[in-house]
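Just below is one structure, and these are the notes that go with it.
Throughout, read-outs are computed from the coordinates displayed, never taken from laboratory work. Quantities reported herein were computed from a predicted structural model and do not represent experimental measurements. We place every Cβ from the backbone using ideal geometry, glycine too, and count neighbours over all the protein chains shown.
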Amino acid sequence: MVPDLPSYECSCGRSYAPSVERWRCDCGGLLELPPVALTWNPRPGDHSLWRYEDAIPVPGRALSLGEGMTPLVEASLDGDESGVRLKIEYASPTGSFKDRGAVMLVTLARLLGATRLVADSSGNAGTAVAAYAARAGLAAEIFVPSGTSEKKLHQIRGHGSRVTVVDGSREDTAKAAAERVDATGAFYASHVYNPYFYEGTKTYALEVFEQLGEVAPATLVLPAGNGTLVLGAYLGFAGLRAAGLIDRLPRIVAVQAERCSPVASAFAAGSHHVEPVLPEATVAEGIAIAAPARGARMLEIVRETGGSVVTVSEDEIARSHAALAARGLWVEPTGAVAYAAVRRLRAEGSPFVEGDVVAPLCGSGLKASL
Ligand SMILES: Cc1ncc(COP(=O)(O)O)c(C=O)c1O
Ligand SMILES: [Zn+2]
C-alpha cells in the first residue's frame, strides 16, 4: 500500500496525488509540495540523512547508501578565514550532494510501483539516480549532454543504467528526457521538476543547524545551476524557523559561473524572472544551466533572506580549486565555485559574508578535473 504522501500542487490551483506518470501540471506549471511541518527529532545513532526522518515526508530507510551527515570543517586552520566552514558534500556515496535528492526520488518511485526511471543531468544527478536505482533494483536511463565528464558516464554505466548522450545543450537534454518519459510512461526522476528532490536537499540545512550546535549561520553560500541546493537549504531553514527553532533565516548567497549566469543577471536587473542566456563554455559544468526552470523561485529566496547572487570567473574557480587542493580538499571544478565566491567576497569586505559562513564542496575531484 502506498503510504500517505503529500500531493503535488501547482500555482494554478490544481493538485495531484503523486503517481508514476505525473511530473508537471496539466497547465504546464511546476509542481510544488505544500509546506511540511518540521518535527525536530534527530534519531540518535543514525548517521545518514534519515536521522531527520521525522522532518521528511517520505518514509525511507529501507533504501539508503548512508547518504547525508557529511563533515563540516573549518576552511582554514591558520585563522585567516575565521568563521568559514566547508561542508564536504563530495564525501556522499556517489561523490556529490545529489544523493540527498536522488534517494528521495528513487524511494518515491519504488513506493509508487515504478519499474523504469528516466533522468537528465549534467552528470552528478545522473550518477546519483543510477546508483540508487541500482540499489532499488530499478532500470534507469540517464540523458546527459555531450561533453559530460567521461568518469561520470563510466559511473552511470557501471551502476547498470543506460546512458543516452544528447548532442546539444543541457536544455535539449532535458527535452529529450521528457519526450522519453511521455512516450514510455517511465517515472521521471527529475531534480528540476520533482519537488520531492528538495525534501532531500533540505537535509543539508538540518545538518548545518545541528553541526553548528543548533544555530543558523549568518550566511549560506551555495552554487546555483538549477538551484536544487538553494531551494532545499531554504526549505530546511524555513522549516526550522516555522518550528520556532531559529528566529531568522541565514542570508543565501547564490553563486553562478560568470560564463553562464542567467540568475545573477536577473538579480542585478531587479527582475522577478530569469531570461535564458546563451552560455559560454565553463569548467563549472555542473552549474551551466542557461534556462533554470525554478529561476524565479531562486530570486525570491535570495531576496527574502537578504542575500545576493554573485558570479565567479574561470580564473577564480581555478585558483580556488588549487587553494582547496593545497589544504587537502579535492573537488571537481564546479565544487570550487561556492568557495571561490566566499574568498572574493571576504577579500572585498562584503557584508554578505560577515559572521559564520557555510559553503558546500559539492562534487568530488575524482569525477572531473580542470
Ligand atoms: C558539483 C555540483 N555542484 C553544484 C551543482 C548545482 O546544483 P543545481 O543545478 O541543483 O543548482 C551541481 C549540479 O549538478 C553539481 O554537480
Ligand atoms: Zn497548474
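Structure summary
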item	result
Aspartates and glutamates whose Cα lies under 15 Å from that of residue 202, excluding same-chain neighbours fewer than 8 positions away	32, 53, 54, 67, 89, 99, 210
Fully extended contour minus Cα-Cα distance, from residue 347 to residue 112, at 0.36 nm per residue	79.6 nm
Scattering curve values for the chain, log₁₀ I(q)/I(0), Debye with Cα scatterers, q = 0.07, 0.08, 0.10, 0.11 Å⁻¹	-0.26, -0.34, -0.55, -0.68
Inverse mean reciprocal Cα-Cα distance (Kirkwood Rh) of the range 262-370, Å	14.8 Å
Inter-label distance, nm, simple model (7 Å from Cα along the C-beta direction), residue 17/residue 139	2.7 nm
The range 120-169 versus the range 222-252: alpha-carbon centroid distance in Å	28 Å
Cross-link partners of residue 151 among lysines (Cα-Cα below 25 Å; sequence separation of 8 or more within a chain)	87, 98, 175, 367
Debye, to nearest 20: dipole size of the range 98-188, +1 on Lys, Arg Cβ, -1 on Asp, Glu Cβ	380 debye
